[in-house]
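Undergrad: Take this structure first; my questions come after.
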Amino acid sequence: MIIAGDQPAGKEVVVEEYQQHGDPQREKNKKPTVLLVEDNEDFRFYLKDNLQEHFCLLEAANGKEGWQKALALHPDLIVSDVSMPEMNGLELCTKIKQDKRTSHIPIILLTALVGEEYQMKGLETGANDYLCKPFNFEMLLSKIRNLLTLQTTIKKVYTKQVEVQVADISIQSVDEKFMAAALAFVEENLQNANLSVAELSKHLCISRVSLYKKMLLLTGKTPVDFIRSIRLRKAAQMLEKSQLSIAEISYEVGFNTPHYFTKSFKAEFGVLPSAYIRQSGKDSPKKAG
């Protein structure tokens, strides 16, 4: 079955609310909750009509309403159109992924815009997957199920990690091996200021698009942010333990200039490197170089 493309937005419909907790019907069915964010009433009804057999559904007529419901009701997954009034799908996706209360929620974006550049733009905002209209409904259903299954698997893995000593955990899952390989590669190339996402994706034998999806799902960060975060955390360790100056450390972890390093460090940790040194209790603060 093929779904038609974007149409003019219809009238806002009355949305049936499902409570996150204490909903007898949800407890009975044990169905995951999916939030549909779509301004076109007919298209939203079509999605609801086809998905309601498999999921408990919430509805929102635009991104602003979708954000409010995501924050209040914490759905298991969000399916959102890109082109909407009030707040578009890309803006919604950015808000969802940047807020600690909702950043774990997988998002699938729907759009009539085709082309890899649009797909990359959607993924860079934090979307977990992207589907161009018109599309086969079974494809959407499959993507939703796959993301929910992966999310459940990840929760089980990290719940287990909390219960045992980290040192005793042997890396077994595909995701753990993936993250270990990514971390090792970045650390091996820490002094390479030109280390790129393309090099990381090549080393991991995965496309750039797939790398974006996987990194966002597992860490909540884009590949660029992941690389920068590893650099900065290594720098923090060096600030605490080494006798190098701040400028020397900035070059050691792959920053081209101490100024950019200082700016990035403050964005990551909330303090300047010099203040971080003082907070760590070292007697002799390092010079800015």
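Undergrad: Answer with yes or no whether residue 265 is outside the structural domain of residue 100 (by TED's automatic domain parsing) and either assigned to a helix (DSSP H, G or I) or among the β-branched types (Val, Ile, Thr) (or both).
TA: So residue 265 fits the description; yes.
Undergrad: Counting only residues that are assigned to a loop (DSSP other than H, G, I, E, B) and among the aliphatic types (A, V, I, L, M), how many does the stretch 90-123 have?
TA: Residues meeting the conditions: 4.
Undergrad: Name the pairs whose Cβ atoms lie under 8 Å apart, with the first residue in the stretch 145-158 and assigned by TED's automatic domain parsing to the domain that holds residue 56, the second β-branched (Val, Ile, Thr) and at pLDDT 75 or above, and 6 or more positions between them or separate chains?
TA: If the second residue must be β-branched (Val, Ile, Thr) and at pLDDT 75 or above, the pairs left are 147/108.
This table checks each residue for (1) within 27 Å of residue 232 (Cβ to Cβ); (2) at pLDDT below 85; (3) surrounded by 14 or more Cβ atoms within 10 Å (Cβ to Cβ).
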residue	(1), (2), (3)
131	no, no, yes
151	no, yes, yes
167	yes, yes, no
182	yes, no, yes
189	yes, no, yes
192	yes, no, no
198	yes, no, no
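Undergrad: May I ask you to list the residues in the stretch 228-244 that are more than 14 Å from residue 197 (Cα to Cα), surrounded by fewer than 17 Cβ atoms within 10 Å (Cβ to Cβ) and of a type in the set (Gly, Ala, Ser)?
TA: Matches in the stretch 228-244: 242 only.
Undergrad: Quick check on this structure: which one of 289, 281, 254 is outside any helix (DSSP H, G or I) and either modelled with pLDDT of 90 or more or closer than 30 Å to residue 213 by Cα (or both)?
TA: 254
Undergrad: Considering only residues of the stretch 174-198 that are in contact (Cβ under 8 Å) with a residue 12 or more places away in the chain and either of a type in the set (Asp, Glu) or not assigned by TED's automatic domain parsing to the domain that holds residue 249 (or both), which is nearest to residue 250 (Cα to Cα)?
TA: It comes out as 187.
Undergrad: Does residue 107 count as modelled with pLDDT under 90 and either among the β-branched types (Val, Ile, Thr) or at positive phi (or both)?
TA: So residue 107 fails the test.
Undergrad: Continuing with the same structure: Taking the stretch 215-227, which residues are surrounded by fewer than 20 Cβ atoms within 10 Å (Cβ to Cβ) and free of Cβ contacts under 8 Å to residues at least 40 places away in the same chain?
TA: 221, 224, 225
Undergrad: Can you find a residue in the stretch 124-136 that is charged (D, E, K, R) and outside any helix (DSSP H, G or I)?
TA: Among the residues of the stretch 124-136, at least one is charged (D, E, K, R) and outside any helix (DSSP H, G or I), which makes the answer yes.
Undergrad: Please determine whether any residue of the stretch 57-68 is assigned by TED's automatic domain parsing to the domain that holds residue 124 and within 19 Å of residue 135 (Cβ to Cβ).
TA: yes
Undergrad: Need pairs with beta-carbon distance below 8 Å; first residue closer than 11 Å to residue 79 by Cα and within the stretch 40-65, second among the aromatic types (Phe, Trp, Tyr) and modelled with pLDDT under 90; sequence gap 6+ or separate chains.
TA: Short answer, once both residue conditions are applied: 57/18; 58/18.
The values are calculated or read from the model by the stated rules, or taken from the named source; none is laboratory data. Computed from a prediction, not measured in an experiment: that's the story for all the values here. Cβ atoms come from the backbone with ideal geometry, glycine included; neighbour counts cover every protein chain shown.
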